[in-house]
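Visitor: Have a look at this one before I ask anything.
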Amino acid sequence: MLCNTTSHYPDGVDTMLFFQDNDLEKTDIIDTYNNLIAQDKYTEASAYINQQDNVYGYFADFFNAIENRIYNLQKYLLEKPPKKQPFIYYELQDDEEPLLDEGMFWV
(Lines give C-alpha, C1' and ligand atoms only; values in the text may rest on other atoms or scores of the structure.)
Protein backbone atom coordinates (compact mmCIF):
# COMPACT_ATOMS: atom_id res chain seq x y z
CA MET A 1 0.00 0.00 0.00
CA LEU A 2 1.33 3.36 -0.92
CA CYS A 3 -0.23 6.48 0.53
CA ASN A 4 0.89 10.03 -0.03
CA THR A 5 2.89 11.11 3.01
CA THR A 6 3.05 14.77 1.96
CA SER A 7 0.82 17.23 3.77
CA HIS A 8 -0.39 20.34 1.94
CA TYR A 9 -2.07 21.97 4.96
CA PRO A 10 -2.87 24.90 5.24
CA ASP A 11 -2.34 25.63 1.53
CA GLY A 12 -4.51 22.71 0.44
CA VAL A 13 -6.65 19.86 1.65
CA ASP A 14 -4.86 16.59 2.28
CA THR A 15 -6.33 13.53 0.61
CA MET A 16 -8.24 11.20 2.88
CA LEU A 17 -6.73 7.85 3.75
CA PHE A 18 -9.14 4.96 3.30
CA PHE A 19 -8.80 1.53 4.84
CA GLN A 20 -10.66 -1.67 4.35
CA ASP A 21 -10.23 -5.31 5.18
CA ASN A 22 -7.77 -7.25 3.10
CA ASP A 23 -8.93 -9.89 0.67
CA LEU A 24 -8.33 -13.43 1.93
CA GLU A 25 -6.15 -14.00 -1.14
CA LYS A 26 -3.73 -11.39 0.27
CA THR A 27 -3.05 -13.15 3.58
CA ASP A 28 0.27 -14.51 2.32
CA ILE A 29 1.43 -10.94 1.69
CA ILE A 30 0.46 -9.85 5.21
CA ASP A 31 2.10 -12.97 6.69
CA THR A 32 5.34 -12.25 4.83
CA TYR A 33 5.25 -8.63 6.01
CA ASN A 34 4.64 -9.67 9.63
CA ASN A 35 7.48 -12.21 9.46
CA LEU A 36 9.89 -9.53 8.24
CA ILE A 37 8.80 -7.24 11.08
CA ALA A 38 9.26 -10.07 13.59
CA GLN A 39 12.85 -10.45 12.32
CA ASP A 40 13.48 -6.69 12.83
CA LYS A 41 13.84 -6.18 9.07
CA TYR A 42 11.80 -2.98 9.02
CA THR A 43 13.28 -1.42 5.89
CA GLU A 44 12.86 -4.63 3.92
CA ALA A 45 9.30 -5.03 5.23
CA SER A 46 8.41 -1.48 4.22
CA ALA A 47 9.89 -1.93 0.74
CA TYR A 48 8.04 -5.24 0.36
CA ILE A 49 4.62 -3.93 1.39
CA ASN A 50 4.97 -0.78 -0.74
CA GLN A 51 5.34 -2.99 -3.83
CA GLN A 52 1.94 -4.60 -3.22
CA ASP A 53 -1.35 -3.45 -4.72
CA ASN A 54 -4.65 -3.35 -2.85
CA VAL A 55 -3.16 -4.30 0.52
CA TYR A 56 -4.35 -2.27 3.48
CA GLY A 57 -2.95 -1.82 6.96
CA TYR A 58 -1.19 0.49 9.34
CA PHE A 59 2.18 0.51 7.65
CA ALA A 60 5.07 2.99 7.89
CA ASP A 61 3.79 5.26 5.12
CA PHE A 62 0.48 5.66 6.98
CA PHE A 63 2.23 6.70 10.19
CA ASN A 64 4.54 9.04 8.26
CA ALA A 65 1.51 10.68 6.64
CA ILE A 66 -0.16 11.19 10.04
CA GLU A 67 3.08 12.56 11.51
CA ASN A 68 3.50 15.04 8.63
CA ARG A 69 -0.10 16.21 8.95
CA ILE A 70 0.29 16.77 12.69
CA TYR A 71 3.59 18.61 12.14
CA ASN A 72 2.06 20.95 9.54
CA LEU A 73 -0.96 21.65 11.74
CA GLN A 74 1.27 22.43 14.74
CA LYS A 75 3.45 24.71 12.63
CA TYR A 76 0.39 26.53 11.30
CA LEU A 77 -1.10 27.00 14.77
CA LEU A 78 2.19 28.21 16.27
CA GLU A 79 2.67 30.79 13.51
CA LYS A 80 -0.91 32.06 13.69
CA PRO A 81 -1.22 35.35 15.59
CA PRO A 82 -3.08 35.11 18.90
CA LYS A 83 -6.73 36.10 18.96
CA LYS A 84 -7.85 39.05 20.99
CA GLN A 85 -10.02 38.13 23.95
CA PRO A 86 -13.61 38.68 22.71
CA PHE A 87 -15.07 39.66 26.08
CA ILE A 88 -14.05 41.17 29.39
CA TYR A 89 -15.58 41.46 32.83
CA TYR A 90 -14.86 44.89 34.22
CA GLU A 91 -16.29 46.93 37.07
CA LEU A 92 -16.09 50.65 36.44
CA GLN A 93 -15.38 53.10 39.17
CA ASP A 94 -17.75 56.06 39.42
CA ASP A 95 -15.56 58.46 37.47
CA GLU A 96 -14.18 56.02 34.83
CA GLU A 97 -15.14 55.76 31.19
CA PRO A 98 -15.06 52.24 29.68
CA LEU A 99 -12.39 51.51 27.09
CA LEU A 100 -14.39 50.07 24.24
CA ASP A 101 -12.56 48.13 21.57
CA GLU A 102 -14.28 46.96 18.44
CA GLY A 103 -15.48 43.36 18.65
CA MET A 104 -15.46 43.18 22.47
CA PHE A 105 -18.41 42.14 24.58
CA TRP A 106 -18.79 43.56 28.04
CA VAL A 107 -20.23 41.47 30.86
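The values are calculated or read from the model by the stated rules, or taken from the named source; none is laboratory data. In this text the structure is predicted, and so the values were computed from the model without any measurement. Quick note on the areas: whole protein, heavy atoms, side chains included, nothing else; ligands and nucleic acids left out. Shrake-Rupley method; radii C 1.70, N 1.55, O 1.52, S 1.80 Å.
Visitor: Might you work out the accessible area of S46 for me, using a 1.4 Å probe with all protein chains in place, and round it to the nearest 10 Å²?
Guide: 30
Visitor: Quote to one decimal, in nm, the extra length available between A60 and Y42 on full extension: 0.36 nm per residue of separation minus the C-alpha distance between them.
Guide: On the way: separation 18, 0.36 × 18 = 6.48 nm, distance 0.91 nm.
Length difference between fully extended and current span is 5.6 nm.
Visitor: Working out 0.36 nm times the residue gap between T32 and D53, then minus their Cα-Cα distance, what length gain in nm do you get to one decimal?
Guide: Length gained between T32 and D53: 6.1 nm.
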